[in-house]
Amino acid sequence: MLQQNLRHPIVLVALLAISVFVSFGVYKFGLVFAILTAVAVVAIPVACAIIAYPAVGVVVTLVAAYLIMWVIRFGINFPLGTIMDGLQALCLFGFFLRMKREQNWVIFKNPISYVIVAWIIYNFIEVANPWAASKLAWVYTVRSVALVMLMYFIFSYQIRTVRFIKFILKLWILLAVFAAVYAIKQEFFGFAQFELDTLQDPETILLYFIDGRWRKFSIFSDPVAFAYNMVTASMLCIALMWGPISFIKKLILGCLVLLFWVTMLYSGTRGAYVLVPAGLAMFALLNLTKRILIMGIVGALFFVGLIFVPTSNPSIKRFQSAFAPSEDASFNVRKMNQKRIQPFILSHPIGGGLGATGIWGQRFSPGSFLATFPPDSGYVRVAVELGWIGLALICTLMFVILREGIKNFFAIHNPQLRSICLGMVLVVFCLHIGNYPQEAIVQFPSNIYFYLAVALINVCYRIDQETQAALHSEAQLLKNTPNPI
């Protein structure tokens with residue numbers, strides 16, 4: 001049948017016209033046209049699949065978010081960030097199409113959704129901030145701090161089965177393993193040439209080359225993003241180990257935890273080192289048993305010993321310095337900067353406008369006071385750009401997410417869903433703590449995976465409640481069925 005259709009005169013004429021068009025385009029515009037044509041051939045079917053099949057959109061977005069910064073580092077002269085915007089837009093379009101057909105808004109009637117909507121609205125109101133030095137900075141920044149939050153609603157609605165959740169978590173762990181192995185390659189075999197080309201800037205060298213060695217960043221934008229993703233992946237594995245899985249799988253997950261922790265040390269990110277004991281402490285509090293208490297004491301003794309043991313290993317020495325911040329010159333500089341900016345925060349309740357600091361501030365308002373201020377913290381940036389009102393709102397959001405996550409963890413009956421919910425709580429908690437010393441949830445892939453974790457907190461609870469309701473209905477039906485004997 002296919003061969004007969006291909007032999008149809010109209011099909012042959014169409015194929016001939018396309019081949020002539022592509023040939024002329026390559027002749028006229030060169031390799032760029034050929035690459036764009038190849039991308040279009042792949043992109044159009046993928047775009048259709050994302051809209052028609054929500055699971056495809058979720059998976060493609062998660063994979064792209066994890067690899068996008070690595071691809072950008074290759075030096076491709078194309079605004080690849082717009083590809084992520086396009087993927088999110090396609091997912092959102094597919095979401096609204098499905099919502100139009102099903103009209104099921106009930107699943108969004110929860111505290112997390114309400115606060116996220118309030119945060120998005122507040123960020124859009126910021127476009128009228130009278131203290132903002134640049135409206136264009138708002139345009140570039142609102143995508144990463146507000147629009148990306150829409151992925152929470154997409155994940156919450158499109159992820160509906162335990163099977164799909166398990167696939168997503170396996171994909172997450174697999175991507176993290178790839179990142180860890182790539183960091184090992186960087187540690188023992190050095191950077192690739194395309195990576196060395198991105199390390200020529202004097203400021204980059206100052207940040208990445210410390211104590212005679214390069215900090216590793218794996219496939220991510222910087223060492224901080226790499227370290228934080230290793231921490232979150234390790235917390236996910238620890239939570240899954242506590243679920244109803246076989247001993248072999250627990251052993252594999254345990255080995256992966258060690259892999260993530262070791263490669264995390266290559267990043268030289270001291271803020272991430274503190275997240276490991278913090279995450280383990282939260283895990284122990286939520287699973288407080290005699291066994292956990294003993295393991296917690298042993299783990300605490302191990303960390304204390306690691307902090308104070310004499311060593312010549314540069315990675316271990318930098319790990320130890322994370323627990324003595326007062327002796328760290330960069331930490332003291334950050335404290336001074338934060339003290340210096342406090343009067344501005346107190347006198348500007350809605351801040352100086354989105355994008356007023358950092359890269360966008362230097363680009364769009366280079367002469368302003370805030371453009372020269374280095375926030376060096378996700379929460380400090382919010383306080384400066386969105387004011388103390390914005391800071392109160394983002395802290396409320398974090399509180400509500402963690403409260404709902406802990407509440408759902410204790411309410412879920414299914415042990416598998418319970419362990420997954422626990423993993424998501426640990427991921428959110430670690431990124432929440434890590435957002436103070438660094439900017440933890442504005443860069444790919446952490447911004448996407450953070451809202452995946454937030455969504456799964458509610459999805460796990462919803463699936464468990466639906467399962468329990470079905471079992472209850474089945475039990476009631478059996479109870480009301482008359483005995484034939």
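Remarks
- Full-extension gain in nm, Lys170 to Phe369, via 0.36 nm per residue minus C-alpha separation: 67.0 nm
- Unsatisfied cross-links (Cα-Cα over 27 Å) in the set Lys166/Lys290; Lys109/Lys135; Lys407/Lys479; Lys109/Lys407: Lys166/Lys290; Lys109/Lys135; Lys407/Lys479
- Loop-located chymotrypsin sites (Phe, Trp or Tyr not before Pro) across the stretch 82-182 with a Cβ neighbour count of 13 or fewer within 10 Å are Trp105, with loop assigned by DSSP.
- With N as its number of residues, the chain has a Cα radius of gyration that, divided by 2.2 N^0.38 Å, comes to 1.09.
- Fewest-first ordering of Ile350, Ile448 by other beta carbons within 10 Å of each residue's beta carbon gives Ile350, Ile448.
- Of the trypsin sites (Lys or Arg not before Pro) found in the stretch 197-284, no site is in coil according to DSSP while having at most 15 other Cβ atoms within 10 Å of its Cβ.
- The chain: Cys lacking any partner C-beta under 4.7 angstrom: Cys48, Cys91, Cys237, Cys255, Cys395, Cys430
Here, each number is a calculation from the coordinates, and none is a lab measurement. Since the structure is predicted, the reported quantities are computational estimates derived from the model, not experimental observations. Every residue, glycine among them, receives a Cβ derived from its backbone with ideal geometry; neighbour counts consider all protein chains shown.
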